[in-house]
Every structure is written in C-alpha cells, then in structure tokens.
1. Using the heavy atoms of the protein chains alone and a 1.4 angstrom probe, what is the accessible area of the stretch A:1-97 per residue in square angstrom?
2. Threshold 50 Å², probe 1.4 Å: give the residues of the stretch A:170-213, in number order, that are less accessible with all protein chains present than with their chain alone.
3. Let me know the longest stretch in chain A that avoids all GluC sites (Glu not before Pro) found in a DSSP loop with at most 12 other C-beta atoms within 10 Å.
4. Please report the carbon-and-sulfur percent of the accessible area for chain B; probe 1.4 Å, protein heavy atoms only, DNA, RNA and ligands left out.
5. Tell me, what % of the accessible area of the stretch A:30-136 is carbon and sulfur with a 1.4 angstrom probe?
6. Out of residues 5 or more away from B:Ile147 or on other chains, whose amide H comes under 5 Å of its own, with H placed 1.01 Å from N in the peptide plane?
7. Where only protein heavy atoms count, and the probe is 1.4 Å, what is the accessible area per residue for the stretch B:101-226 in Å²?
8. With a cut-off of at most 10 other beta carbons within 10 Å, and DSSP calling the residue loop, which GluC sites (Glu not before Pro) in the stretch B:104-210 qualify? Please list them.
Amino acid sequence: MARTLRFHVFRYNPQDPASTPHMDAYVLDETESMTLYIALTRIREEQDPSLMFDFCCRAGVCGSCAMVINGRPGLGCHTKTADLPERITLLPLPFFKLVGDLGVDTGTWFREMYTRVESWIHTEKQFDPASEEERMDNETAEQIYELDRCIECGCCVAACGTARMREDFLGAAGLNRLARFMIDPRDQRSDKEYFDVVGNDQGIFGCMGLLACEDVCPKHLPLQDQLGYMRRKMAMNALTRILPWKK
Amino acid sequence: MPLEATAPLAKPGRAAAYLDWLQMLTGAFLILFMWGHLLMVSSVLFGRGAMNGIAGFLETTGLAQLGGPVIAVAFLLHFVLAARKIPFTSKEQRTAVGHAKMLHHTDTWLWIVQVVSAMVILVLGSIHMWTVLTDLYVGVPGSELGINAETSAARVQKWPWTLLYIVLLPLAELHVSIGFYRIGVKWGVIKRKGRKKAKLIEYIMAGAFLLIGTATLIRFLLMDVN
Ligand code: HEM
Ligand code: SF4
Ligand code: SF4
Ligand code: FES
C-alpha cells in the first residue's frame, strides 16, 4: 500500500537576482522507513538537482537539517514520512537568515548568542596541567549533561512567538545555555552576574510562556521546567536586592 | 539578533524583574477578584435577597467603596504592564498571527486569545466599572443608589448593555483562565509532568465559570424589574 507523497517545497535563492520566493511541487512514491532526508535526497537526485537543503549527520545529532514541516519546526532526518499526511509542506526555519530554499544559517545566531551569555566557564582558578582532574558528583554532571544535549538546531527559537516579534530575544536555547553554567560548580559567576545577562526583556522576562519551544524541541530538553526555574531564580534575586544590606 | 550587536544589548538593571513581578501580582490579584466577583454576583441565582444582602454588607462596611477604586487601579496598572508584551504595530500583529497559523500550536493560540480578549476587556470592563462605581452608595443625602439586584437586572435588560455583558462575560472568563494557567507555566509552578492536567483544569475552570456567569445573566434578563 505504498502512498504517493506530494511535497510542496519553498524555493528561493537570495544569491540569484532572478529568483523569486515561490513553492514548487514534487511527487514521490513512499518507500519503507522513508525520512524527509531520504525523500529530499531522492527529489534532488531524480527530479531537481537545484534543490537546496542542509544535512550532515542524518541521525539527529548535528542539528543542521531543521525545517518547518507542515507548520512545525523539526529535524528532516528525524521525521518519518509515515508519520505525516500525504501532502507535506516544507518551509525553511523562520527567524534565521535564509541561505537558499530550505537551508538557513543558524550558526551565526548561535555564535552571537554564545558571546552574549558568555558561554564558557568563568573562573579565577589557575589551570594546573599536572594535577589530577577535579571530580564532580554524578548527579550534578547528569543535570549539566541533560541541558548540554542541545544540538543547536534552532527549532525552539523558530517556534517561539516572542523571538519572532523581537529579534533580540535570547530564546529557549540561549536561556538553557546559561542555565547549564548556573548549575556548573566550576563556573564562579554570582547570581548577580547571571542576572545581568538574562534578567531583562531580551532574556527570561521577555519569555511569555507559550511553550512552543518545549513542544518542538527534537531532543526533548526540559525547556519548560528550565524556563520556570530561571524566572523564579532571577525574579527572587532582584527582589532580595531591594534589601539595602544585600545591595 | 543582529550580528554587529557587540555593544551591551541592555543596560543592566532590575526594572524588568520588578515589572514582571507586578504584572504577575496584578494578574493574580485580578483573578482572585474575578472569582469572588462572579460568585458574589451569582448569589442572585438564590434570589434578589441573597444578592442584596451581600451588596448591602459590602456597602455599609465601606468595602465596596474602598475595593472598587483599588480594583480599577489594579486593572489599569495590569493593562499598562501587560501592554509591554502586546503586539501593537501591524507588523508585529501580522507576525504573531501568521506565526500562530503556521505552528497550529494550542498554547500559542491561547496567547492570541489572551491578547485579543484583553483589548475588549479594557474597553468594556472600563465602561462596566464606571457605571457600577458611580452607582455606589456614598452616604451623601440624595445618593440612595447602591448596588442592588433590581438596578443590575434593569441594566442587563437594557440594549445595548445586554450586548456588553454577552461579549464581556466569555472574554473575561477566557482571559482569566488562560492567565491562571500562564502564571503557572511561566513561574514554574506547573512542571512538564503536570502540564496536561493543569490545562485540563484550565478548561474545566473556564467552562464552569462561563456556566455560572451565563446562568446569572439569564437570571437578570428574566427578572421582573417593574
Ligand atoms: C485592561 C485590560 C487587560 C489587558 C489589556 C490585559 C492584557 C494582558 C496580556 C497581554 C497578558 C499576557 C502577558 C504575557 O503573556 O506576558 C495578560 C496576562 C494576564 N492577565 Fe490580563 N489584561 C487585562 C485585564 C485583565 C483582567 C481584568 C484580569 C483578571 C481579572 C487579567 C488577568 C491576567 C492574568 C492572570 C494574566 C497572566 C499574568 C502573567 O502572565 O504574568 N487581565 N493580560
Ligand atoms: S516559553 Fe518562552 S522561550 Fe519558549 S516559545 Fe514561549 S516565549 Fe519562547
Ligand atoms: S533546545 Fe532543542 S530545539 Fe532548541 S536548539 Fe537545542 S535541541 Fe534544538
Ligand atoms: S542531519 Fe544532523 S540532525 Fe539531521
């Protein structure tokens, strides 16, 4: 009972002055265990060699294949056509800079975000290459790892209504990134220093709790719980600092 | 996020945190008020005497005269605070609605409902508050008005006041119930595990209040006011 799939794919090459944004239709017979990666590759090989899209690991690890699949941001390599209706509409992720057709540049945004949240361990300790590595308790390590699983696909940001309306919003990926350092005992930043990074409307107080990020994240990161925790922590921090002896 | 934005993006300060606290607190305060308000008005379902008794108590103790303006201030304050998040320019509105349509995601739509209901509540709620507050008994000779079931019924029955209440009731209940759920998720009271249940409670709550409110409106519409 092989189905015939109808793809409607966004086409636009910003590099080509003659190109205009439009949708192209492709028809493809479905094969067993077909993913969008397989389908798009076949379309490119058999029907239209000019079709542009990004893939690398094909295993949900690199985060390069995110696109809007029937309205929802998701990973092309991770999405089985069997889970989709016969009519499949593919758009590039909004919010990010379009490279061409389904390909977007998420890297520039993520690098800028890392600079903003200063995504590195801040410590005064001198590194001693001769000493034994310091141990971290297993539970903390696992908590950090849980947040470190982010593959930087950009789905959460593209799905976020706040980010769509205000470009300078850090997004769930950015807030989650800082949360990862907040639980890391090696990072010596104080709560006040964290507050200066995210305690504003570009950060946690801009988030309106629409939870689209939570619902689309292909790695199922605990974004909802993370955002709630961060808002409470940062709001309490500001509150305690009203007290004169807490400065 | 523009690439060249290497200058500090926001001047470090605590204002955003305090405004967020206030937005949540005024919202929570208004929710509590709305629940109390609905329950007290719906006492008319048990007869005019029940409602008049409660209204008389609130007025003779001065609670209504004091509470009314407090609610009005909270209402306006909440509007000013929440307005920081409302898409007012047509560019933002197009983005917001286009985004919700693309995503077909319930919580994103609920937010749109919250924003639209908010604007209607702002206008109709203000009209409603003005008329009720100017009807309060103020103890000056000649000011015999006060809240009572007959005056309310007469108002509800008089076109276009009827329309005002028919529109205001469901939108206020929706806004309140969604706001209740949203405070929960934003502040991490509702966790990932409890979200489904919280949403169910949100829907049940909205339904229950809508039901009580509608019954109350019908009671007013059918009341004999000579
Ligand atoms: C003056 C008319 C009103 C306007 C313009 C307004 C606007 C808004 C907006 C836009 C939001 C969403 C903000 C966000 O997600 O960050 C919101 C949230 C909320 N509103 Fe209103 N609202 C109004 C009246 C009311 C009333 C009368 C109540 C209750 C009786 C209420 C209760 C709430 C609650 C509980 C929230 C959630 C608070 C939060 O997210 O921090 N609002 N309001
Ligand atoms: S919960 Fe916050 S970060 Fe996530 S989609 Fe909503 S507004 Fe964006
Ligand atoms: S948090 Fe999830 S959706 Fe967002 S970039 Fe990371 S993996 Fe992608
Ligand atoms: S190709 Fe690497 S995540 Fe899809």
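The values are calculated or read from the model by the stated rules, or taken from the named source; none is laboratory data. Keep in mind that what you see is a predicted model, and the values were worked out from it rather than measured. As a convention, Cβ positions derive from the backbone with ideal geometry for all residues, glycine included, and neighbour counts pool all protein chains shown. For the accessible areas, the whole protein counts, side chains as well, though only heavy atoms, and no ligand, DNA or RNA atoms are used. Shrake-Rupley method; radii C 1.70, N 1.55, O 1.52, S 1.80 Å.
1. Working: 5110 Å² over 97 residues.
That works out to 53 Å² per residue.
2. Residues of the stretch A:170-213 that lose at least 50 Å² of accessible area once the other chains are added: A:Phe205, A:Met208, A:Leu210.
3. A:168-247
4. Numbers: 9160 of 12170 Å².
Its accessible area is 75 percent carbon and sulfur atoms.
5. Numbers: 2980 of 5970 Å².
Carbon and sulfur: 50 percent of the exposed surface of the stretch A:30-136.
6. Residues meeting the criterion, in which the H sits 1.01 Å from N, are B:Tyr137.
7. Numbers: 6670 Å² over 126 residues.
Result: 53 Å² of accessible area for each residue.
8. Numbers: sites: B:Glu144, B:Glu150, B:Glu173, B:Glu202; in loops: B:Glu144.
The qualifying sites are B:Glu144.
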